[in-house]
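Beneath this line is the structure, given in structure tokens, with notes to follow.
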Amino acid sequence: MSREKKQSFMGGVTVMAISTVFVKICGALYKIPLNNILGDEGVTHFMSAYNIYAFLLTLSTAGLPLALSKLISEADATGRRTQLRRCFNTAMGLFAVLGVAGSAAMLLFTAPLAQAVHNSLAYWPIKALGVSVVCVSVMCAYRGFAQGRQNMVPTAVSQFIEAFFKLVIGLPLAWYLIYTGQPLEIGAAGAIVGVSAGTVLAMLYMIVNYRKNRRPILWGTDVPQGYGAIVRRLLGLGIPITIGQAGMSLLNLLDQTIILGQLQNVLGLAERDAAALYGQYTFSNTLFNLPAAFLPAVAVSLIPAVSVAVARQDHREVNRVVSTSFRLIAMLAIPAGVGLSVLAGPILRLLYPARQETAQAATYHLQLLGAASIFVCLMLLTNSIMQAHGKVRLPIYTMLIGGGVKVVINYLLVGNPDINIKGAPIGTLVCYALIALINLVIVHGLLEKKPNYLLIFLKPAIASAAMGAAAWASHGLLGRFLSGGYMKESLCTLLSVGIAVVVYLILVIALRLITREDLKMVPHGEKLARLLHIR
């Protein structure tokens, strides 16, 4: 580590983005076959456990690694090695305590947690995830240390380890259990064993990596802050960030609890019937979460980079990093959301050949959630910008506003017999659109150089609209020749997606959505700019 060069902001984003691509490939190879294996009801048992796990994990790890990375980056920028070491050791103790508490909650109070989300059949899936909380908590301390030094490689490798072993252990185990006639909830628990195995192995990698490279950088002559002062700073920064980032996990948990509760208590459905109906919504959620999955690659690089620039009062650097982030997200999130909405049905039928009825029922959900995914990406990016400026409480307030609206909409619409489960994506769309709008207004007021949102979003929106039209038209035209049978319809969908991607890439260059300055911050970007004639 002493020999490594710190990565630039875009270098860190590139490392994390590449890792995220591999992780998402592994995730798709895991989740899509798993949905085909478990079906709508089994997926609900899986997600019941996973939503609880995600919420407890967020409480114990979401904000503290980012807070630690901020403290580490500040100490590293000023050459305070002893302060750097004490920050890490203090954070490790705090993370371990919180992780043990989260694991204990899942292992000791499994039945009450299952009852709380109106799904008693999720008992074994919840139990199977219990050990993961403490493992991820410890691992996140090491990740926060590396990210604070603007080294994203260890985090990227550990994420890949998690995803890979989740795939190679969890998926075969789930298939075997269902194949041998075990109940769906046991199959879901088998899939989750892979998640736990991946977190254990990724934690071990981070420990070995840290111990191998720590010696040259952790010894100095400076006088560090006291442990109590560091804990107060970690909690002061981490708790608001945690609450803000816990919003999505909490909203997912509330979603499940309210929806299953209304379906059972108001509409009178049996537990398994309600789980099957909620599973249709969950099938679309897998794709809805995909665009936002790339946001951590930006956030973990953006927060340390902006924090250092703010500490140095380098407003030009702050504006450069933030502007690049906005352009990057606009170029990725808008077309992804449009594509999911326009080709919702064909994509779902392509991915779930063993569950065609569920895929058809989930089409309505994904049409709305595709649009919602754009606002989720904007929300996460603006949250990171506010947090990097020290405004860590503002994302909490905006999340509470949007979350409150979502709870009310879900409660009213899902409980309506004429709407039932179709009310869930409506609440999601309204929630995230409202949060993103409020956040954009706040960020506009924070920055010295005010971002021109019209210039940032107009061209990507035009390009995405043209791409969506090309996808819709090409699918309709190709469907006349490629219809009848799964293989022909799948080929039609893949060709339509390919045509849409080509149209969008042409428009990116034609409309100059990316600048030469942006590409300079990417490895070999100058050569790419010359090749594409980008000025």
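The values are calculated or read from the model by the stated rules, or taken from the named source; none is laboratory data. The shown structure was predicted, so the numbers you read here are calculated from the model rather than taken from an experiment. Cβ: placed from backbone, ideal geometry, glycine included. Neighbour counts: every protein chain shown. Each accessible area value is taken on the protein alone, full model and side chains, heavy atoms only, with ligands, DNA and RNA left out. Shrake-Rupley method; radii C 1.70, N 1.55, O 1.52, S 1.80 Å.
Measuring between alpha carbons in the structure, the pairs from 127/166; 31/166; 24/459; 422/488 lying more than 18 angstrom apart are 24/459; 422/488.
Across the range 110-205, what fraction of all alpha-carbon pairs, as a whole percent, falls in each successive 5 Å bin from zero upward? Histogram of Cα-Cα distances, whole percents per bin: 3, 15, 19, 19, 16, 13, 9, 5, 2, 0, 0. Between residue 176 and residue 461, the modelled label-to-label distance comes to 5.3 nm, taking each label 7 Å out from Cα in the direction of the beta carbon. The relative contact order of the range 410-504, computed from alpha carbon pairs under 8 Å that lie at least 6 residues apart in sequence, is 20 percent.
Label positions at residue 208 and residue 405, each projected 7 Å from the Cα along the C-beta direction, are separated by 4.9 nm. Take every pair of alpha-carbon atoms less than 8 Å apart whose residues are at least six positions apart; their mean separation over the length of the range 26-124 yields a relative contact order of 34 percent.
Can you put 153, 321 in order of accessible area, largest first, using a 1.4 Å probe? Let's see the in-between values first.
On the way: 153 65, 321 0 Å².
So, going from the largest accessible area down, we get 153, 321.
Express the Stokes-Einstein translational diffusion coefficient of the range 146-195 in µm² s⁻¹, to the nearest whole number, given a Kirkwood radius over alpha-carbon pairs, 37 °C and a viscosity of 0.692 mPa s.
Values: Rh = 12.0 Å.
Translational D for this selection: 273 µm²/s.
Relative to the globular-protein estimate of 2.2 N^0.38 Å, the Cα radius of gyration of the range 398-462 stands at 1.47. Here the gap between residue 22 and residue 494, fully extended at 0.36 nm per residue and compared with their Cα-Cα distance, gives a gain of 167.9 nm.
Semi-axes of the equivalent ellipsoid for the range 315-418, computed as √(5λ) from the eigenvalues of its C-alpha gyration tensor and ordered from largest down, come to 33, 21, 8 Å. Stokes-Einstein diffusion for the range 29-86, with the hydrodynamic radius set to the Kirkwood value over Cα pairs and evaluated at 10 °C in a medium of 1.306 mPa s, equals 110 µm²/s.
Counting only protein heavy atoms and using a 1.4 Å probe, the accessible area of residue 233 comes to about 90 Å². Sites listed here are chymotrypsin sites (Phe, Trp or Tyr not before Pro) in the range 449-514 whose DSSP assignment is loop and whose Cβ has at most 15 other Cβ atoms within 10 Å: 481.
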